[in-house]
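The values are calculated or read from the model by the stated rules, or taken from the named source; none is laboratory data. Please read these numbers as outputs of a predicted model, since none were measured by experiment. When we count neighbours, we look across all protein chains shown, and the Cβ atoms used for this are built from the backbone with ideal geometry, even at glycine. Heavy atoms of the whole protein, side chains included, go into the accessibility calculation; ligands, DNA and RNA do not. Shrake-Rupley method; radii C 1.70, N 1.55, O 1.52, S 1.80 Å.
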Amino acid sequence: MLASVCAFVLLGAAGAAVAAEGPADPKAVKHEGDKYFDVKGDPTYNVQADGTVDWPTYSGFRRYHSECHVCHGPNAEGSSYAPALKDSLKTIGYQEFYGIVVGGRQNVNTANENVMPAFGENKNVMCYLNDIYTYIRARSTDAVGPGRPMKREDKDPKTTEAEMACLNAKD
């Protein structure tokens, strides 16, 4: 399955798996290559005082607006069709986010019929899931405003290698 083939990209170099729970403090306490991690080992952002964002946040902006904004609205602000993910990430952690994206979600009752499809086989999502999470997490705390970040850190060559391995993996 694609999800297991791309474990390095998805879980990052930290690779720590934790039980599903709410988000930790988004402050970066660990830095590997161009990636940042919080105290739980979950992907997080690093925004400098001049507004420069880390590579994953910038990449996440691009990937979010390529795959997610059609339903969840520009800048993760929601739409009449799907919720604002910048609000959702205030209460759900990385593991729950990951599970919803991979497996999909249904919230069907007499008042609603909200169905998010599973993206576990979509390489354009799965190979960049940490980046998408990092961007939405930065939006959830207003560390990054709406629109494309104006400044970004450089992309680590190891990130490019991991992306290519994931995108070219045989299913």
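Among the residues of this structure, Ala84 does not count as one that is at pLDDT 90 or above, on the phi > 0 side of the Ramachandran plot and buried (at least 18 other Cβ atoms within 10 Å of the Cβ).
Only a single criterion out of (1) part of a helix (DSSP H, G or I); (2) open to solvent by less than 10 Å² (accessible area, probe 1.4 Å) is not satisfied by Arg62, namely (2).
Looking at Asn112, Asn130, just one residue is of a type in the set (S, T, N, Q), over 19 Å from Pro74 (Cβ atoms) and at pLDDT 95 or above, and that residue is Asn130. When each of Asp34, Asp38 is tested for being among the charged types (D, E, K, R), within 26 Å of Asp154 (Cβ to Cβ) and in contact with a helix residue (DSSP H, G or I) (Cβ under 6 Å, 6 or more places away or on another chain), the lone residue that passes is Asp34. Of all residues being charged (D, E, K, R) and open to solvent by less than 10 Å² (accessible area, probe 1.4 Å) in segment 115-162, which is farthest from Gly99 (Cα to Cα)? Just the residue, please. It comes out as Arg139. Of the residues making up segment 65-99, those that are aliphatic (A, V, I, L, M) and part of a loop (DSSP other than H, G, I, E, B) are Ala82, Ala84, Leu89, Ile92. Pairs meeting the criteria (first residue in segment 140-152 and within 20 Å of Pro43 (Cα to Cα), second residue loosely packed, with under 11 Cβ neighbours inside 10 Å and of a type in the set (Asp, Glu), beta carbons under 7 Å, at least 6 apart or on different chains) are Lys151/Asp50.
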